[in-house]
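S.K.: Quick one: the structure is below, and I'll ask about it shortly.
The values are calculated or read from the model by the stated rules, or taken from the named source; none is laboratory data. Just so you know, these numbers come straight off a predicted model, no measurement behind them. No Cβ is skipped: glycine too gets one built from the backbone with ideal geometry, and neighbour counts run over all protein chains shown. The area values use the complete protein model at the heavy-atom level, side chains included, leaving out ligands, DNA and RNA. Shrake-Rupley method; radii C 1.70, N 1.55, O 1.52, S 1.80 Å.
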Amino acid sequence: MEHCRHIGVISLFPGMLRSIFETSIPGRASTKGLVCYHYWNLRDFGTGSYHSVDDYPFGGGGGMVMKPEPLGEALDRSIESLIGLSGGIPPRLVYPSPQGKGFVQKVAREWAESPRPLLFLCGHYEGIDQRILDGYPLEEWSAGDYVLSGGELPCALMVDAVVRLLPGVLSNESSPVNETFSNGSFDYPQYTRPRVFRGSEVPAVLLSGDHQAIRRFREEVSRKKQQAVRPDLNGNPAGVSR
Ligand code: SAM
């Protein structure tokens, strides 16, 4: 696939990601040939007759640690494969981690604009052997200040945020240009039919046909909400660029 953005995942539960990536917008992006997803099951690289992928931590402490050998093998194989598929471009290596920098819309945009394939290493248990983080140029990115059981959900949300920004993935009408965060602000509230729902009417200005007035109304409402909820964003109201 010449114009395909290649996105790979190394995971103990690739089925979790497959079902998400085959659904809705991430799924449509792949059907259109705009994104190609690749899965490496870490278990296939496990050691010994049990294909072991975890072991006890040196120095004691609770929980298990993901062993370096299966991770190293899976990374080597997937990196080589993605380089081949993308005409020699090395993938950006992402380790979703609560200790990473916060993944935000600006980062999603940068990844979407870069031609580099993305390769996600999904951790589990207490995390991965530190020597893998030291030996590969893995970028640690966090889904938020909370601890999840594994890297699959953060991976899924990062991929979704990136894929919907790729050219051709969304239709023009649902363009991401004016969405929340796209210019440091919130999107405006949306209304559809019926005009009256349980006694509550759509704001009259939206039915006025006065595009200037509609723009001003949307700007004001989105600015007020953003300043009340997220004053740190401090951007242009979503309506400004319309
Ligand atoms: N012991 C680790 C710590 O306290 O930093 C947490 C390990 S967590 C149970 C298992 C895996 O889930 C991590 O290796 C990471 O891949 C993923 N994970 C958990 N929370 C995450 C978050 N907020 N953002 C991104 N990945 C996360």
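S.K.: So the check is Cβ under 7 Å with 6+ separation or different chains; which pairs have a first residue in the range 212-230 that's modelled with pLDDT of 95 or more and a second one that's of a type in the set (Lys, Arg)?
M.R.: If the second residue must be of a type in the set (Lys, Arg), the pairs left are Arg215/Arg242.
S.K.: Filter the range 209-232 down to residues that are outside any helix (DSSP H, G or I) and surrounded by 14 or more Cβ atoms within 10 Å (Cβ to Cβ), then give me how many there are.
M.R.: 1
S.K.: Here is a check on your reading of the model: is Tyr37 within 16 Å of the ligand (Cβ to nearest atom), under 22 Å from the mean Cα position of the chain (by Cα) and surrounded by 15 or more Cβ atoms within 10 Å (Cβ to Cβ)?
M.R.: Here the answer is no, as Tyr37 does not meet what is asked.
S.K.: Of the residues Thr31, Thr23, only one is over 30 Å from Phe186 (Cβ atoms) and open to solvent by 70 Å² or more (accessible area, probe 1.4 Å); which?
M.R.: After applying the criteria, what remains is Thr31.
S.K.: Being open to solvent by 60 Å² or more (accessible area, probe 1.4 Å), part of a helix (DSSP H, G or I) and in contact (Cβ under 8 Å) with a residue 60 or more places away in the chain is the filter here, so list the residues in the range 58-102 that pass it.
M.R.: Leu85
S.K.: Just one of the numbered conditions (1) in contact with a Lys or Arg (Cβ under 6 Å, 6 or more places away or on another chain); (2) open to solvent by 80 Å² or more (accessible area, probe 1.4 Å) is not true of Phe13; which one?
M.R.: (1)
S.K.: Does the range 114-146 hold any residues that are over 14 Å from the mean Cα position of the chain (by Cα) and away from the ligand (no atom under 13 Å from the Cβ), and which are they?
M.R.: Selection gives Ser114, Pro115, Arg116, Arg131, Asp134, Gly135, Tyr136, Pro137.
S.K.: Would you be able to say whether some residue in the range 79-100 is within 14 Å of the ligand (Cβ to nearest atom), of a type in the set (Val, Ile, Thr) and closer than 20 Å to Pro137 by Cα?
M.R.: Yes, the range 79-100 contains at least one residue that is within 14 Å of the ligand (Cβ to nearest atom), of a type in the set (Val, Ile, Thr) and closer than 20 Å to Pro137 by Cα.
S.K.: Between residues in the range 5-24 that are assigned by TED's automatic domain parsing to the domain that holds Tyr37 and part of a strand (DSSP E or B) and residues that are acidic (Asp, Glu) and modelled with pLDDT under 95, which pairs lie under 6 Å by C-beta distance while being six or more apart or on different chains?
M.R.: Listed pairs, sorted by first residue: none to list.
S.K.: So, one more: Anything in the range 147-171 that is of a type in the set (A, V, I, L, M, F, W, C), more than 11 Å from the ligand (Cβ to nearest atom) and open to solvent by 30 Å² or more (accessible area, probe 1.4 Å)? List them, or say none.
M.R.: If the condition is that a residue be of a type in the set (A, V, I, L, M, F, W, C), more than 11 Å from the ligand (Cβ to nearest atom) and open to solvent by 30 Å² or more (accessible area, probe 1.4 Å), then Leu165 is the only one that fits.
S.K.: Enumerate the pairs (first residue in the range 116-136 and closer than 29 Å to Cys4 by Cα and among the small types (Gly, Ala, Ser); second residue anywhere and within 14 Å of the ligand (Cβ to nearest atom) and part of a strand (DSSP E or B)) with beta-carbon separation below 8 Å, excluding pairs fewer than 6 apart on the same chain, so at least 6 apart or on different chains.
M.R.: From residues that are closer than 29 Å to Cys4 by Cα and among the small types (Gly, Ala, Ser), the pairs are Gly123/Met66; Gly123/Tyr95; Gly123/Pro96; Gly123/Ser97.
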